[in-house]
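This report concerns only the one structure given below.
The values are calculated or read from the model by the stated rules, or taken from the named source; none is laboratory data. Values in this document were obtained by computation on a predicted structure and should not be read as measured data. Counting neighbours? That spans all protein chains shown, and the Cβs are built from the backbone with ideal geometry, glycine included.
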């Protein structure tokens, strides 16, 4: 059975704590639906660009955004890779409502989506039935020999069993990272292994509470230094000779480093997207009164302003709509306090 080796050292534990603090800080902030919609749309484009770029797709991010927006009728294979990945992202995000567990069929369905129209049907949505090798992209020499084809199904089953067994007892970040590297080591498909791995890792993170679809793209970090990513996630040699020597610790630190890096990027962009709240002079008077007295009623406001009665009502409504003050009680007993942050 599959039992990964790793150490919960200080670096890894510190990363896990920092990720949870960053997520909490982002979730505590309030953003308009317009801002969140913009970030969600952009996160899909960034993920599709980064994950396909890792595999050598040359289309720049600016063009990826245009392609996904225009959806041309006739597309090249490089463009199809982008569309396929984007389609899989939307599909997986939609599945989160039912939150199905990852099964062998689930994995094969995602790979089928990734390679749709790009490889032969005999290798689409099916575990490989033939041997493969992984070459060093620079030297073009064999760097890794994955497991034999007849062992693939068993290894995938063992990985799924491990994920289910540890679902409630192991930190989600650790589990998702272990899945990612072990899937790459197993190399279960003839093509599309990397993209399939990253998609399912995104789904696992989101299913376990870290939403990777609406705001950030953890693939973006890997694309910044592809050579380092391959060096960390991959292994060298013959699988049968090194399988019992693989240690996941270094990869898990790098994996969580990437999530921190991307969360910091998104946090910075989110802060920049929030325009400073501009208050009119009469609105500032209302806020100042509440800060001094704790609340303000319509009659109290009438005593400190010369604005018409109908306008006073609108003043309160606008501040409520802006999320600055909150309406309390009802009818004649109505008063206003500062809204909770």
Next on the checklist: Within region 116-135, does at least one residue satisfy the condition of being surrounded by 16 or more Cβ atoms within 10 Å (Cβ to Cβ), in contact (Cβ under 8 Å) with a residue 40 or more places away in the chain, in contact with a strand residue (DSSP E or B) (Cβ under 6 Å, 6 or more places away or on another chain) and not in a loop (DSSP other than H, G, I, E, B)?
Outcome noted: yes
Checklist entry - Across region 28-48, which residue is farthest from residue 64 (Cα to Cα) among those that are more than 14 Å from the chain's Cα centre (by Cα) and in a helix (DSSP H, G or I)? => result 28
Checklist entry - Scanning for something surrounded by 15 or more Cβ atoms within 10 Å (Cβ to Cβ), touching a helix residue (DSSP H, G or I) at 6+ places or on another chain (Cβ under 6 Å) and farther than 20 Å from residue 55 by Cα, does region 85-101 turn up at least one residue? => result yes
Item to check | Boolean, residue 224 is free of Cβ contacts under 8 Å to residues at least 40 places away in the same chain and closer than 20 Å to residue 269 by Cβ | outcome: yes
Checklist entry - Only one residue in 67, 82, 107, 75 is modelled with pLDDT under 95, part of a helix (DSSP H, G or I) and under 30 Å from residue 39 (Cβ atoms). Which one? => result 67
Checklist entry - Looking at region 150-246, what helices (runs of 4 or more DSSP H) fall wholly within it and have at least 3 residues that are touching a helix residue (DSSP H, G or I) at 6+ places or on another chain (Cβ under 9 Å) and buried (at least 17 other Cβ atoms within 10 Å of the Cβ)? => result 172-186, 193-207, 219-224, 226-233
Item to check | Scan of region 300-340 for residues that are surrounded by 13 or more Cβ atoms within 10 Å (Cβ to Cβ) and at positive phi, ordered by number | outcome: 323
Checklist entry - How about region 85-104: which of its residues are free of Cβ contacts under 8 Å to residues at least 40 places away in the same chain and either over 20 Å from residue 159 (Cα atoms) or outside the structural domain of residue 115 (by TED's automatic domain parsing) (or both)? => result 87, 91, 94, 97, 98
Next on the checklist: Which condition from (1) over 22 Å from residue 271 (Cβ atoms); (2) exposed (fewer than 14 other Cβ atoms within 10 Å of the Cβ); (3) out of contact with any strand residue (DSSP E or B) (no Cβ under 6 Å at 6 or more places or on another chain) is the one that residue 48 breaks?
Outcome noted: (2)
Next on the checklist: Restricting to region 137-147, and then to whatever is in contact with a helix residue (DSSP H, G or I) (Cβ under 9 Å, 6 or more places away or on another chain) and either over 19 Å from residue 243 (Cα atoms) or free of Cβ contacts under 8 Å to residues at least 40 places away in the same chain (or both), can you tell me which residue is surrounded by the most Cβ atoms within 10 Å (Cβ to Cβ)?
Outcome noted: 137
Next on the checklist: Given the condition touching a helix residue (DSSP H, G or I) at 6+ places or on another chain (Cβ under 9 Å), closer than 30 Å to residue 173 by Cα and part of a helix (DSSP H, G or I), answer yes or no: does some residue in region 281-301 qualify?
Outcome noted: no
